[in-house]
């Protein structure tokens, strides 16, 4: 349930901010936030989960059940490594990344705040996606 609700938190919070402040900057920030999170975070999380699912399914079909546990552990370690060394820096330094590609400073500031607030969400979704994919396979 948390995995389903957590992406919506930023979305609904962003719409609340748009309604409260009624500015184009907030609209641009929400759109950029959703694009940034989907591009840099959820795409990586989903790709790691899919790889885990393929490996676990292969081991299950071959009746190598002990290797399924190894595939789960490997998938979680891969996600942890990606989270610490790639996703976390991309989220913590999102302001600099957005300024580097030419986003206006006020939009980049609001968007980076929303991105940083999403750190726990991405972690929850990553672990949940790995577990869900493992169970489905």
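Taken together, the values in this text are just the output of simple stated rules run on the coordinates, not laboratory data. Predicted model only: the values in this text are computed from it and were never measured. Every residue, glycine among them, receives a Cβ derived from its backbone with ideal geometry; neighbour counts consider all protein chains shown.
Could you tell me whether segment 113-127 includes any residue that is crowded, with 17+ Cβ neighbours inside 10 Å and over 14 Å from the mean Cα position of the chain (by Cα)? No, the conditions are met nowhere in segment 113-127. Checking segment 121-134 against the condition returns a match, with at least one residue being in a helix (DSSP H, G or I) and more than 30 Å from residue 65 (Cα to Cα). Screening segment 91-104 for residues that are surrounded by fewer than 17 Cβ atoms within 10 Å (Cβ to Cβ) and within 14 Å of residue 41 (Cβ to Cβ) and picking the one that is nearest to the chain's Cα centre (by Cα) gives 92. Taking the criterion of being in contact with a helix residue (DSSP H, G or I) (Cβ under 9 Å, 6 or more places away or on another chain) and closer than 17 Å to residue 89 by Cβ, the residues of segment 15-45 that qualify are 36, 37, 40, 41, 42, 44, 45.
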